[in-house]
Each structure stands twice: as structure tokens, then as C-alpha cells.
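To start, the structure under review is shown below, and the notes come after it.
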Amino acid sequence: MPRRISFRYVIPILALICIGFLYASYCDSVIALSPSFPREEIRDRPFDWRDIDRQIGTLDGNPYTDIRRVNFFSDGKYLNATFWLRGSLSSLDNGGQISYGTFIDGDSQTETGWQGVDYQIEISRQNGTWMSTVAEFSSLGDVRILDNKRLNGTVLSKNIGNYIPFSIDLSREIFPEKYKVIFYAGEIKSGNNNGSTIRIMDFT
């Protein structure tokens, strides 16, 4: 014959089950992911760099910072992108300073962040070393570095071709329900005057 469960154990068991359901529901609401979406594409015009300091268009950029296309998709946890460039990194000299990254508006409000930009995720090369940086902006223009680490050099070698792989951990932005992204490529070049530099960027 099956054993009967004493009534005095029923209430604690039911209480534990209810607590389990409540905890699972709480976790789902706290760790809610961003929306997922299939692969999409942004098309960008060639030869459309900007001289950041003078705020004018320029043709003085290099092919490896000229974005032609950006393909991107998300599984809700990561935003993955590929920057398709007009040229490869093979012509980059060892001292060149270049960067590829994104500006993210995580709440669609221009009052938060720096002119609406809440986060910046960037991979850059300086003095032959590739770095990955995640930064947060305040509306005052102050910057908080959330993460800064050295990348494996083989990931972005000169032999990689005319593309740059990019992945953004959306947990850094607390999995926004809606967000705007601007992709960019940039470089710092020597100017015509002694010691001067020119900052050139290509934005999608």
C-alpha cells in the first residue's frame, strides 16, 4: 500500500514550491534579455571620413578605416557585428593608431549619457598592441571605464582580411529593451605641422 504523507508536511512542501516559483519569476524579470533579431546590414558610402577636430569631410583616410558594410545580429545576450572595410590591415604600420567601435544609446534619451551616448565599446591598436575598452558616459561628459583588457594579437592580425569581427556583451548595458547603435572606424594620423595629429573617423 502507498504510504500516506502526514498533513504536517504538506504546508511546508507547498510553501517551498511557491517560493521556488516566485524566485524563478524574479530571476526571469531581473535577467531579462534584450530583443534578439536576425542578421541585418548597414550600407555605408566610401570615402566619407570626418576630420573630427575641424568638423569637415576629408579624403585623407586609409582603406582599413573606410567602412563599406556592417552586418549585425543579436541573440539577446550579445550584439555581434562584422565591419567590412575597403582595405585590410596588411598595410597598417606598427606605430599606427586605429580603432573600431560602437556608441550605444541604451535608453533613447538625449538627456542621459553624453549627447545621448550612454556607452562606448571599442577595440583599438596602439604601439602594436590591441586593446578592448568598455566605457560609460554621464550627461556631464565624464567617463567611467568599465573594462579594459589586452586582446589576443592573433584575433586581429594583418592577415585577417578586409573585415573586423566585433561582439558586445549586452549585460554591460543591463540588457536594454531598445537601443541605438552607431558603428565607427577611426585613426590618428600625423599632420602637416611638426608634432600635430589629425583624428579621422568614419561613422555609419
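Some observations on this one:
- Meets criteria (in a loop (DSSP other than H, G, I, E, B), open to solvent by less than 80 Å² (accessible area, probe 1.4 Å) and either within 22 Å of S108 (Cα to Cα) or modelled with pLDDT of 90 or more (or both)) for P176: yes
- Residue selection: Q97 fails the criterion of being of a type outside the set (S, T, Y) and free of Cβ contacts under 8 Å to residues at least 24 places away in the same chain.
- Condition check for S74 on (1) small (G, A, S); (2) touching a strand residue (DSSP E or B) at 6+ places or on another chain (Cβ under 8 Å); (3) open to solvent by 10 Å² or more (accessible area, probe 1.4 Å); (4) touching a residue at least 40 places away in the same chain (Cβ under 8 Å): one failure, at (3).
- Residue count for the stretch 54-71, restricted to those that are free of Cβ contacts under 8 Å to residues at least 60 places away in the same chain and assigned to a loop (DSSP other than H, G, I, E, B): 3
- Selected residue (only one of L79, L33 is open to solvent by 50 Å² or more (accessible area, probe 1.4 Å), of a type in the set (A, V, I, L, M, F, W, C), in contact with a helix residue (DSSP H, G or I) (Cβ under 9 Å, 6 or more places away or on another chain) and within 30 Å of I174 (Cβ to Cβ)): L33
- Here T110 meets each of (1) free of Cβ contacts under 8 Å to residues at least 60 places away in the same chain; (2) touching a Gly at 6+ places or on another chain (Cβ under 6 Å); (3) not in a loop (DSSP other than H, G, I, E, B) with one exception, condition (3).
Table: residues versus (1) over 24 Å from A32 (Cβ atoms); (2) modelled with pLDDT of 90 or more.
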position: Q115; (1), (2): yes, no
position: S124; (1), (2): yes, yes
position: D142; (1), (2): yes, yes
position: L146; (1), (2): no, yes
position: R150; (1), (2): yes, yes
position: G161; (1), (2): yes, no
position: I164; (1), (2): yes, yes
position: A185; (1), (2): yes, yes
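The values are calculated or read from the model by the stated rules, or taken from the named source; none is laboratory data. On a predicted model such as this, the values are computed, not experimentally measured, just so you know. Don't worry about glycine lacking a Cβ; one is built from the backbone with ideal geometry, like all the others, and counts go over all protein chains shown. The accessibility values were calculated without ligands, DNA or RNA, using every heavy atom of the protein model including side chains. Shrake-Rupley method; radii C 1.70, N 1.55, O 1.52, S 1.80 Å.
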